[in-house]
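The values are calculated or read from the model by the stated rules, or taken from the named source; none is laboratory data. As the structure is a prediction and not an experimental result, all values here were calculated from the model. So basically every Cβ, Gly included, is an ideal-geometry build from the backbone, and we count neighbours across all protein chains shown.
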Amino acid sequence: MPFQSVFLSSWPCAEKAVEIKQLNTLNKFLNTLILFRLLSVILWITLILILPPILLMYGTIYNLLTLLAVTYLIILLMIFLLWLLRKKLNLTNKDFVSIAFDILACPPFAINVVRKITLKQKFTFTPIEFSKKRLSQKERLFFKYALSERIEESINSCDGNSKYKKQLILYRQGLMNPYQKGGAN
């Protein structure tokens with residue numbers, strides 16, 4: 001969905017407890033994204049659900065221009081909010097210009113503005129610690145399965161008995177066996 005946050009992370013990595021300060025920073029950041037989530041959903045509804053039927057049923061240039069005006073007003077509002085909130089969103093001027101150009105040049109890209117913003121973040125959470133703090137038990141099980149599959153792909157693409165391949169194997173074992181020392185539960 002267009003309002004989903006996506007963060008980059010890497011493995012294998014040493015698991016460590018999340019500090020309250022880091023968690024508060026993350027929560028403030030995610031709360032700042034609420035306006036962008038709302039605007040993304042409105043834009044998605046406009047472009048995916050409203051635009052095609054209007055064009056098929058009425059097909060007049062005035063309807064199209066009205067919908068384009070609404071679309072670009074939403075995008076301009078996103079850019080304005082992005083500029084106002086860029087410090088809270090930890091965006092550099094270069095990041096701001098990059099995102100603003102993407103969403104202005106191609107309106108369907110604006111639907112994913114939340115992903116574009118979150119992918120620019122540099123949080124120090126490990127994937128497992130992040131999932132413990134932000135996901136339900138059911139979501140965490142799905143996440144572990146998906147992470148295990150990705151680790152398996154990485155293991156299969158490694159050469160021979162490299163150090164990295166051994167680290168991945170140990171990380172996967174810890175992921176699947178949470179009672180082992182260093183395992184993730």
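Going residue by residue through region 176-184, is there one that turns out to be among the hydroxyl-bearing types (Ser, Thr, Tyr) and modelled with pLDDT of 75 or more? Explain how you work it out, then say what you get.
Taking region 176-184 first, the residues among the hydroxyl-bearing types (Ser, Thr, Tyr) are 179.
With the extra rule that they be modelled with pLDDT of 75 or more, the set shrinks to none.
No, because not a single residue in region 176-184 is among the hydroxyl-bearing types (Ser, Thr, Tyr) and modelled with pLDDT of 75 or more.
For region 87-123, name all the residues that are within 18 Å of Leu38 (Cβ to Cβ) and touching a residue at least 60 places away in the same chain (Cβ under 8 Å). Give the derivation first.
Here is the first cut: in region 87-123, the residues within 18 Å of Leu38 (Cβ to Cβ) are 88-89, 99, 103, 107-118.
Of everything in region 87-123, those that are within 18 Å of Leu38 (Cβ to Cβ) and touching a residue at least 60 places away in the same chain (Cβ under 8 Å) turn out to be Lys88, Leu89, Pro107, Pro108, Ala110, Ile111, Asn112, Val113, Val114, Arg115, Ile117, Thr118.
Test Ala110 against the criterion of being at pLDDT below 95, surrounded by fewer than 11 Cβ atoms within 10 Å (Cβ to Cβ) and out of contact with any Lys or Arg (no Cβ under 8 Å at 6 or more places or on another chain), and give yes or no. Steps first, please.
Numbers: at pLDDT below 95: yes; surrounded by fewer than 11 Cβ atoms within 10 Å (Cβ to Cβ): no; out of contact with any Lys or Arg (no Cβ under 8 Å at 6 or more places or on another chain): yes.
So Ala110 fails the test.
Restricted to region 54-99, and to residues that are among the hydroxyl-bearing types (Ser, Thr, Tyr) and out of contact with any Pro (no Cβ under 6 Å at 6 or more places or on another chain), which residue is surrounded by the fewest Cβ atoms within 10 Å (Cβ to Cβ)?
The residue in question is Tyr62.
Give the residues of region 93-123 that are closer than 15 Å to Ile42 by Cα and assigned to a loop (DSSP other than H, G, I, E, B), sorted by residue number. I'd like the intermediate steps shown before the answer.
Step one: filter region 93-123 for residues closer than 15 Å to Ile42 by Cα, giving 103, 107-114.
Listed by number, the residues that qualify are Ile111, Asn112.
What residue, of Asn90, Asn156, is in a loop (DSSP other than H, G, I, E, B), polar (S, T, N, Q) and more than 30 Å from Leu51 (Cβ to Cβ)? If you could, list the steps in order and put the result at the bottom.
On the way: Asn156 fails: in a loop (DSSP other than H, G, I, E, B).
Only one candidate qualifies: Asn90.
Residues of region 124-138 being within 20 Å of Arg37 (Cα to Cα) and part of a helix (DSSP H, G or I), which ones? Explain how you work it out, then say what you get.
Here is the first cut: in region 124-138, the residues within 20 Å of Arg37 (Cα to Cα) are 134-135.
Once the filter is applied, which keeps residues that are within 20 Å of Arg37 (Cα to Cα) and part of a helix (DSSP H, G or I), region 124-138 yields only Arg134.
Tell me yes or no: at least one residue of region 125-147 is polar (S, T, N, Q), modelled with pLDDT under 85, within 20 Å of Leu26 (Cβ to Cβ) and in contact with a Phe, Trp or Tyr (Cβ under 6 Å, 6 or more places away or on another chain).
yes
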